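Undergrad: One structure coming up, written as structure tokens, with questions to follow.
Laboratory data are not the source of any read-out in this text; all were calculated from the coordinates shown. Note that the structure is a prediction, hence the values are computed from the model and not measured. When we count neighbours, we look across all protein chains shown, and the Cβ atoms used for this are built from the backbone with ideal geometry, even at glycine.
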Amino acid sequence: MHITACILELGIPGSRSLKEKRGRMTPVLAALRSRFGLAVAEIGHQDSRDTARLACVTVSTDPAHNERVLQSALHWIETHRPDLEIHDAQIEPR
């Protein structure tokens, strides 16, 4: 069994409140769960209206598969969520 995690630092430009941030992040978290089968949680910057830190985790018998899934998820965010900015993304085995 191989566990791979991706820690994302996201910018949320133009967000004026925590409520707006939640409204923009909720569909992203749901899509990462449903499209890619990832376990996803906001792990930082909960009190910031314009940044978010997410952890995305996948488990399989193949570490290369895990890497591909997480890279695909990052690509999906870049292409389907132009309202978000990926400031940093670190993929690492756990």
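Undergrad: I want to make sure I understand the PRE zone here: with the label point 7 angstrom from the Cα of residue 76 toward its beta carbon, which residues in segment 10-44 have backbone N atoms less than 19 Å away?
TA: Inside the label zone: 10-11, 23-43.
Undergrad: Here is a further query. Can you give the helix-only mean residue ellipticity at 222 nm for the chain, where every DSSP H stretch with n ≥ 4 adds -39500 (n - 2.57) and the sum goes over all residues, rounded to the nearest 500 deg cm²/dmol?
TA: Using -39500 (n - 2.57) per qualifying helix, the result is -13500 deg cm²/dmol.
Undergrad: Per residue of segment 69-83, in order, report the coupling 6.51 cos²θ - 1.76 cosθ + 1.60 (Karplus, θ = phi - 60°) as ³J(HN,Hα) in whole Hz, putting x for Gly and Pro.
TA: Whole-Hz 3J(HN,Hα) from phi for segment 69-83: 4, 5, 5, 5, 5, 4, 4, 4, 4, 4, 8, 9, 10, x, 7.
Undergrad: Starting from the Cα of residue 47, step 7 Å toward the Cβ, then list every residue of segment 1-39 with an amide N under 15 Å from that point.
TA: Of the residues in segment 1-39, 18 have backbone N under 15 Å from the label point off residue 47.
Undergrad: Can you classify the chain as rounded, prolate or oblate using the Cα gyration tensor, where a ≥ b ≥ c are the square roots of its eigenvalues, rounded means a/c under 1.5, and otherwise it's prolate if a/b beats b/c and oblate if not?
TA: Prolate, because a/c is 1.5 or more and a/b exceeds b/c.
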